[in-house]
Amino acid sequence: MAQTQEALIPTKDAFSRKAHVKSLEDYQRLYQRSIQQPEAFWSEMAEQLTWFHKPDAIMDLDAEQVDFSWFGGGKLNAAYNCIDRHATERPGKVAIIWAKNEPGEYESITYRDLQHHVGRVANVLKAHGVRKGDRVCIYLPMVPELAYTMLACARIGAVHSVVFAGFSSEALRERILDSGAKVLITANEGPRGPKFVPTKAIADEAVEGLSLVESILVVRRTGKEVPMLAGRDYWLDAEMAKHRGVCPAEWMDSEDPLFILYTSGSTGKPKGVLHTTGGYLVYAATTFRYVFDIQPEDVYFCAADLGWVTGHSYILYGPLMNGTTTVMFESTPTFPDAGRLWRVVDDLKATILYTAPTALRSLIKEGDAWVKKSSRQSLRLLGSVGEPINPEVWRWYHDVVGEGRCPVVDTWWQTETGGILIAPLPGATPTKPGSATLPFFGVEPVLVDDEGRVIEGNGVSGNLCLARSWPGQARTLYGHHQRFKETYYARFPNLYFTGDGCRRDEDGYYWITGRVDDVLNVSGHRLGTAEVESALVAHEAVAEAAVVGFPHDLKGTGVCAFVTVKPDWQESASEQMVGALKEQVRHVIGPIATPDRVVLVNGLPKTRSGKILRRMLRKIASGEVENLGDASTLADPSVLDELLAKATPPQ
Ligand code: PRX
């Protein structure tokens, strides 16, 4: 007990005085209300949005069918809420600052500009046959057109499916097919750090032979010429020039889909997580306002990519609904050097920075001098997301980056949750380095043991579940409701299972310990081991593959693949093959999935019934070889010697 108390970092008076929620008591009072009277609480929160028709009901939850409805009967439009009401009230306010890949280059887009651009793109989409309910796939680097096209879809009621521009053509094709997108939006190419991602060439490969995609709209990011197929490919700027900037906003039902976003699961195929309109927007707006304690003068800088859920909720929808100035960062934290983030902060006088521990770890490695030579006086709040933040990294963020002045909010959530579920409120919650602290309003975390028994009390650990619905939760996996039920609601009946392990300490604070399923968190990106395995076995030389994670200084978790090759290929099982297999994964999924280590072995450790002993492989890959478990359960115990000889990590 004494130890946890010691680690408690009190809230900062100067911050709390101006905060929306000023003390732990205020948080607890609001939290109790949100749990005891959820309808009253969420109905009040829904008032911050503009509704064309107010909801008739707040929630309607069918646990049996896993069918959740929030704000039923309500009519609204996401783009209208993000743009029009601000464009009317304060048209000259900057909505988006685009920080280009080239250091020192910025472009400001006001709410009025945004309204015109989005209106034009919406009219372009209509002219290309896109109607309410149609899916549009967006494969763009971090250019303003990415925001315009997402909002344009929302404006006309089309469902956007953004695919991160680091994914391969095969991954893109799979996502286009699963969502049935008829329009694809890409760029001629995308500068990122010192490289250029050939997005149009990748898009061409992805749609080869697909009649599904009728039009490809191409953003001209650079001067590079790319092949354009007549009758299918169109430059977006030329199309926009043909249309007016005014486009009426479609009246959407609260439960109409807003977007699909693919994420990895423990089985092979990526899951198309579907979010709907009313609940998602209320939740993103509310969490953004409270967790980042948003004030009208804030310049908010989230260094993530719009291709991930962090970008959807906390670069685009959350900030714009609150009328905030939000930064879109096209580059990387280390381009051209490790001072880049601080330069953007100083140039733009950013008040809030939200980034991932993996980025912080890569900067710590470069030394404090990069941070210290910047001013950072504008910063008042720091946020972390995507993976557990090691206490040492948390302290560096707090002490060196924030000079002890800025609260740190470690925010735990998932693609499926739509918004932040566990995080401190910066003016109210004392923090502990490494803990996401306490649940957000309306969220009820529950820890459950492997047999499904709820673990009560404090000072306990278990599988992290959620006991009740919250407005921002995903409603289904696109086209696969059964899989949705099985993935999230079958393991522990009536509870949403997150896939994460978690400890609740003596003070009731939550500490996320990482995934307990076959999902890896590599540099804050989710990766299914099964996905990487199926990419490997698609190589003609591979007989079998087993992929596990291991602790990695920079990435958090590294990817280690154990591979057996087919008899004909054994002669050539060499370093060259290791390179070819890494390339194979890059090609099938994308660079983020490239294994750090590929270990070629003659056999994998299996039980007599043929089950691969992953736990054993995980320990070997992590170098924890003392306690490998009972080798007598192995069908062929001799494989162990080879594994130990080849796979123990280099010291
Ligand atoms: O394991 C948790 C980890 O990231 C997973 C969700 O990944 P994704 O859907 O890609 O969303 C990432 C951005 C919200 C979670 O199951 N995770 C996310 N945030 C944290 C975290 N782990 C620990 N602490 C966090 N703050």
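You can think of it this way: the chain between residue 485 and residue 372 has 35.7 nm of extra reach, that is 0.36 nm per residue less the Cα-Cα gap.
Output the direction-averaged projected area (hull surface divided by four) of the convex hull of the alpha-carbon atoms of the range 30-503, in nm². Kindly include the intermediate steps, with their values, before the conclusion.
Details: hull surface 85.1 nm².
Computed as one quarter of the Cα hull surface, the answer is 21.3 nm².
Given a 1.4 Å probe and every protein chain left where it sits, what share in percent of the accessible area of the range 78-231 is carbon and sulfur? Intermediate values should be presented prior to the final figure.
On the way: 2600 of 5250 Å².
Answer for the range 78-231: carbon and sulfur cover 50 percent of the accessible area.
Projecting each Cα onto the charge dipole of the chain (Lys/Arg +1, Asp/Glu -1 at the beta carbon, about the Cα centre), which of 183, 522, 375 comes out farthest on the positive side? Value computed over the given set: 375.
Histogrammed with a bin width of 5 Å, the alpha carbon distances of the range 523-647 distribute as 2, 11, 22, 24, 20, 14, 6, 1 percent, first bin at zero.
Arranged from highest to lowest average of other beta-carbon atoms within 10 Å per residue, in what order do the peptides 517-527, 417-427 appear? Walk me through the intermediate numbers first.
Working: 517-527: 21.6, 417-427: 27.5.
Going by the mean number of other Cβ atoms within 10 Å, highest first, we get 417-427, 517-527.
Spacing of the modelled spin labels on residue 392 and residue 615, each 7 Å from Cα toward Cβ, amounts to 2.9 nm. A dipole drawn for the chain from +1 and -1 charges on Cβ atoms has a positive end, and of 363, 323, 542 the residue lying farthest that way is 323.
Distance check, please: which entries in 432/582; 22/373; 100/200; 182/582; 126/269 exceed 28 angstrom between their Cα atoms?
On the way: 432/582 39 Å; 22/373 33 Å; 100/200 19 Å; 182/582 32 Å; 126/269 31 Å.
Pairs exceeding 28 Å: 432/582; 22/373; 182/582; 126/269.
Take every Cα pair under 8 Å in the range 539-624 that's 6+ residues apart, average their separations, divide by the length, and report that relative contact order as a whole percent. Display every interim value, and only then the final one.
Details: 116 pairs, mean separation 28.5, N = 86.
Dividing the mean separation by the residue count of the range 539-624 yields 33 percent.
Residues in the range 210-247, backbone N under 18 Å from the label point at residue 177 (7 Å along the Cα-to-beta-carbon vector): list them, ranges by number please. Only 210-214 fall inside the zone, counting backbone N under 18 Å.
Rounded to whole numbers, the Karplus 3J(HN,Hα) couplings from phi for the range 287-295 are 5, 4, 4, 7, 6, 9, 6, 5, 10 Hz, using 6.51 cos²θ - 1.76 cosθ + 1.60 with θ = phi - 60°, and x at Gly and Pro.
Taking the Cα centre of the chain as origin and assigning +1 to Lys and Arg Cβ atoms and -1 to Asp and Glu Cβ atoms, the resulting dipole is close to 1240 debye.
Solvent-accessible surface of protein heavy atoms, probed at 1.4 angstrom with all chains present, puts 98, 511 in the order 511, 98, largest first.
Projecting the Cα atoms of 23, 95, 487 onto the charge dipole of the chain (Cβ charges, centred on the Cα centre) puts 95 farthest toward the positive pole. Only protein heavy atoms count here; on that basis, with a 1.4 Å probe, residue 503 has an accessible area of about 90 Å². Globularity index of the range 456-552 is 1.33 (Cα radius of gyration / 2.2 N^0.38 Å, N = number of residues). Annotation for residue 607 and residue 346: the two label points, set 7 Å from Cα along the Cα-Cβ direction, are 5.9 nm apart. Label-to-label distance for residue 48 and residue 211 is 4.8 nm, based on points extended 7 Å past Cα in the beta-carbon direction.
If the segment from residue 572 to residue 225 were pulled out straight at 0.36 nm per residue, it would be longer than the present Cα-Cα gap by 120.9 nm. In this structure, the amide hydrogen of residue 67, modeled 1.01 Å from its nitrogen in the peptide plane, lies closer than 5 angstrom to those of 62, counting only residues at least 5 positions away or on a different chain.
Only helical runs count toward this figure. For the chain, summing -39,500 (n - 2.57) over DSSP H runs of n ≥ 4 and dividing by all residues gives -8500 deg cm²/dmol at 222 nm. Take the range 523-647 with all the other protein chains still there, run a 1.4 Å probe, and you get 47 Å² of accessible area per residue.
Can you pull the percent of the range 418-573's accessible area that's carbon plus sulfur, 1.4 Å probe, other chains left in place?
48 percent
Normalised by the number of residues in the range 56-141, the mean separation of alpha-carbon contacts (under 8 Å, six or more apart) gives a relative contact order of 18 percent.
DSSP finds beta bridges in the chain, and of those with both partners inside it, around 60 percent are antiparallel. Between amide H atoms placed 1.01 Å from N, distances below 5 Å from residue 542 occur with 566, all of them 5 or more places distant or on a separate chain. Take every pair of alpha-carbon atoms less than 8 Å apart whose residues are at least six positions apart; their mean separation over the length of the chain yields a relative contact order of 13 percent.
Per residue, the convex hull spanned by the Cα atoms of the range 110-230 measures out at 104 cubic angstrom. Heavy-atom accessible surface of residue 242, to the nearest 10 Å², is about 140 Å², with a 1.4 Å probe and all protein chains retained. Phi-derived couplings, Karplus 6.51 cos²θ - 1.76 cosθ + 1.60 at θ = phi - 60°, listed residue by residue for the range 186-201: 9, 10, 4, 6, x, x, 8, x, x, 10, 10, 8, x, 4, 5, 4 Hz, with x used for Gly and Pro. Phi angles of the range 471-479 translate, via the Karplus equation with coefficients 6.51, -1.76, 1.60 and θ = phi - 60°, into HN-Hα couplings of x, x, 6, 4, 8, 6, 9, 3, x Hz per residue; Gly and Pro are given as x.
The values are calculated or read from the model by the stated rules, or taken from the named source; none is laboratory data. Just so you know, these numbers come straight off a predicted model, no measurement behind them. Because the Cβ atoms are built from the backbone with ideal geometry, glycine has one as well, and the counts that use them run over all protein chains shown. Calculation scope for accessible area: heavy atoms of the full protein, side chains included, ligands and nucleic acids excluded. Shrake-Rupley method; radii C 1.70, N 1.55, O 1.52, S 1.80 Å.
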